[in-house]
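Below is one structure, written out as structure tokens, with a few remarks after it.
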Amino acid sequence: MRLHEQYALLHQHFADGEAQPGLSALAALFGCSERNARLQLAKMQAQGWLAWSPGRGRGRRSTLQLLLSPQELQLGRLGELIARGELEQAFAQLDAPQRRRLIAQLPRFLGAAKHNRQLRIPLHRAPTSLDPLQVSSRLESHLVRQLFDRLCGFDLQRQRLLPALAHHWEAEDDAKRWRFWLRPELCFHDGRPLDAAAVAATVLRLRDEPNPWQRQYRHLLAVEVHDALSLSFALTDTDWLWPNRLVTANASIVPVQRGADFERLPVGSGPFRLTRHNELRLSLSANEHYWRERPLLDEIDLWVIDAPTLAEPFDVRLDSTAPGPDSPLQSACTYLLHNPARLRLSDDRRRQLMRFLAEPALVADDDPLRRPARGLLPDWQHPLPDAPAHCPLPRGSMLTLVSYELPSFRPLAEALTARLAEAGVRLVVRALAYPDYDRVEHWWADTDLVLSSEVLHDDRDYSCHEWLGGNRVLRAALDATAVDRLDHRLLAAQHQPNNEQRMEHYRTAGDELVGDGWLLPLSHERQGVSAGPSVAGLELGPNGWMNFSTLWLRD
């Protein structure tokens with residue numbers, strides 16, 4: 001009988017305070033000799049499970065005090081397994097309620113193993129697909145950027161394209177044709193060559209296979225592979241943003257042949273390779289043969305753990321609940337949309353509703369966690385609808401608002417509920433898990449209002465084009481006339497080789513969307529991060545994440 005099973009027997013018989021069993025009774029309980037029972041008790045006492053004092057001499061009774069419950073003992077044993085990284089062995093021994101209890105204790109095992117240049121970071125939810133084709137949220141997009149590489153890179157500070165897998169590219173025929181030249185001897189994590197054929201197949205997937213941003217590649221006419229290190233893209237229209245499209249996470253280069261489990265265990269060519277992926281942990285190991293600089297850490301462990309259980313500080317933790325006064329604002333905004341097919345408001349009534357919800361602002365100017373949004377981006381200000389701030393819905397109406405599970409949405413949903421209640425309108429709020437929210441077709445028909453949020457990636461220019469041109473929920477919230485006008489603005493932007501003039505097109509599109517009551521910016525959240533003093537090289541990007549390759553640990 002194992003030691004912890006013997007302790008469970010002791011607890012079953014002697015859990016009520018201090019007991020006085022004789023050694024013979026304990027030996028009978030264990031089914032062993034008195035000598036072996038004494039040895040087992042000594043082992044338990046050495047580990048701090050109990051206090052045992054044998055009786056010596058006639059009339060003196062032994063005393064036994066149990067210090068832990070069997071549940072505490074089990075969690076402690078499992079914690080040792082987890083601390084050694086043996087997650088699967090630990091959780092295989094638990095039922096669902098026990099797993100939840102253990103998850104609540106995970107934070108104390110998430111410290112950095114400095115001797116191994118290893119960092120451990122918690123995630124607020126499990127990632128869905130890690131196939132670049134399917135990612136649409138910032139968590140999955142960030143992980144894909146660590147595991148894969150793209151034709152072009154981007155300089156965040158200077159807002160300009162950089163060479164990456166392609167060392168050079170040129171536009172021809174008024175930017176209707178683009179030729180790229182690859183670096184020699186590129187390879188995927190499994191050693192297969194990364195060549196022009198893999199690049200061509202990757203980009204054709206974006207055009208031909210269903211994915212969140214398929215519209216953004218509909219003007220790709222053909223791909224011509226010249227040799228292993230060179231290829232050209234033929235487009236149906238002028239597009240000065242074509243290289244920028246190939247910077248996005250979705251355009252990460254994937255192998256031509258992919259395994260059936262590619263969404264969960266992908267093979268990329270980025271600075272890290274995925275070495276473990278289960279329900280509670282992802283392990284990223286440094287790519288020793290990365291074509292750029294090797295990451296400074298050997299391994300990053302990402303633990304899936306609910307934010308409410310984070311009672312202790314972590315080495316690195318994204319933290320939007322307590323940002324500092326100088327924390328950056330979210331790169332875009334949290335905003336409100338309506339479903340025109342369900343609400344069926346006239347143009348005037350739609351503008352009235354959005355003006356009614358806009359003023360006064362739902363977010364206080366002195367709110368430490370967010371700032372009222374006057375535009376789609378923090379430095380923009382769009383005109384509100386030219387309409388009276390009046391709720392056009394009859395008293396007694398009921399609306400359904402859909403959002404996804406994000407802490408920053410809760411106060412806004414409560415403020416919207418209170419604002420509509422003033423007009424006698426009841427608001428029912430549905431907060432979906434993100435994978436369910438991403439399946440727009442499942443909930444759109446039963447929805448009146450949508451609370452959503454947008455963050456940009458490093459390339460502010462193309463992020464705006466991608467958001468306005470490819471966001472399915474945003475485009476579903478417009479009528480045909482508004483869609484046509486928006487697409488006209490976006491087409492004019494891609495025809496423009498000048499970045500500043502493209503940004504003016506996006507700003508004008510925002511003016512029209514907000515002024516006509518199709519979209520209402522509500523807030524810009526502050527992005528925060530908590531890090532221990534040993535963590536260095538940490539800098540938040542526009543998406544609220546940090547580049548894992550630059551992180552390192554001080555002594």
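Please treat every number below as a calculation from the coordinates, not as lab data. These numbers come from a predicted model, not from an experiment. Heads up, the Cβs are rebuilt from the backbone with ideal geometry, glycines too, and the neighbour counts pull from every protein chain shown.
Some observations on this one:
- Proximal charge balance of residue 479 [Cβ under 12 Å; K/R count +1, D/E count -1]: +1
- Among the trypsin sites (Lys or Arg not before Pro) found in the range 1-49, those both in a DSSP coil and sparsely packed, with 11 or fewer other Cβ atoms within 10 Å of their Cβ, are 2.
- Residue-wise HN-Hα coupling along the range 33-45, computed from phi with Karplus coefficients 6.51, -1.76, 1.60 (Hz; x: Gly, Pro): 6, 5, 4, 5, 4, 5, 4, 5, 5, 5, 5, 5, 5
- With respect to the chain, whose longest principal axis is taken over its alpha-carbon atoms, helix 70-83 is tilted by about 50°.
- Secondary-structure-derived ellipticity at 222 nm for the chain, considering helices only, amounts to -9000 deg cm²/dmol, per-run term -39500 (n - 2.57) for DSSP H runs with n ≥ 4.
- Extension gain, residue 65 back to residue 347 (0.36 nm per residue minus Cα-Cα distance, nm): 93.9 nm
- Cα gyration tensor category, rounded, prolate or oblate, for the range 3-68 with a/c compared to 1.5: rounded
- Under 5 Å from the amide H of residue 154 lie the amide H atoms of 162, each residue being 5 or more positions distant or on a separate chain, with H modelled from the backbone and absent for Pro and chain starts.
- Computed 3J(HN,Hα) for the range 383-396, one whole-Hz value per residue from the Karplus formula 6.51 cos²θ - 1.76 cosθ + 1.60 where θ = phi - 60°, is x, 6, x, 7, 7, x, 6, 9, 7, x, 8, x, 4, x, glycine and proline marked x.
- Positive-pole candidate from 180, 416, 518, dipole of the chain, charges at beta carbon: 416
- The H on the amide N of residue 241, modeled in the peptide plane, is under 5 Å from the matching H of no residue at least 5 residues off or on a different chain.
- Other-chain or far-sequence residues with amide H under 5 Å of residue 270's (modelled H): 148, 149
- Helix 138-147 axis, angle to the chain major axis (alpha carbon atoms, nearest 10°): 80 degrees
- Formal net charge of residues neighbouring residue 398 (Cβ-Cβ distance under 14 Å; K, R +1; D, E -1): +2
- When the chain is described by a simple charge dipole with +1 on each Lys and Arg Cβ and -1 on each Asp and Glu Cβ, the residue from 257, 442, 39 located farthest towards its positive end is 39.
- Vicinal HN-Hα couplings computed from phi for the range 249-262 (Karplus, 6.51 cos²θ - 1.76 cosθ + 1.60; Hz; Gly/Pro x): 4, 5, 8, 4, 7, 10, x, 5, 9, 10, x, 5, 9, 4
- In the range 259-293, GluC sites (Glu not before Pro) in a DSSP loop with at most 10 other beta-carbon atoms within 10 Å: 279, 288, 293
- Under the criterion of Cα pairs below 8 Å and six or more residues apart, the relative contact order for the chain equals 16 percent.
- Computed over the range 132-264: relative contact order in percent, which uses C-alpha pairs under 8 Å that are six or more apart: 32 percent
- Helix 460-470 axis, angle to the chain major axis (alpha carbon atoms, nearest 10°): 80 degrees
- Candidate values [x] 194; [y] 183; [z] 206, label of the one derived for volume of the Cα convex hull per residue in Å³: [x]
- In the range 465-555, the trypsin sites (Lys or Arg not before Pro) that fall in loop regions by DSSP, at most 11 other Cβ within 10 Å: 554
- What the Cβ-Cβ distance of residue 366 and residue 504 gives, at R0 = 30 Å and to the nearest 0.05, is a FRET efficiency of 0.40.
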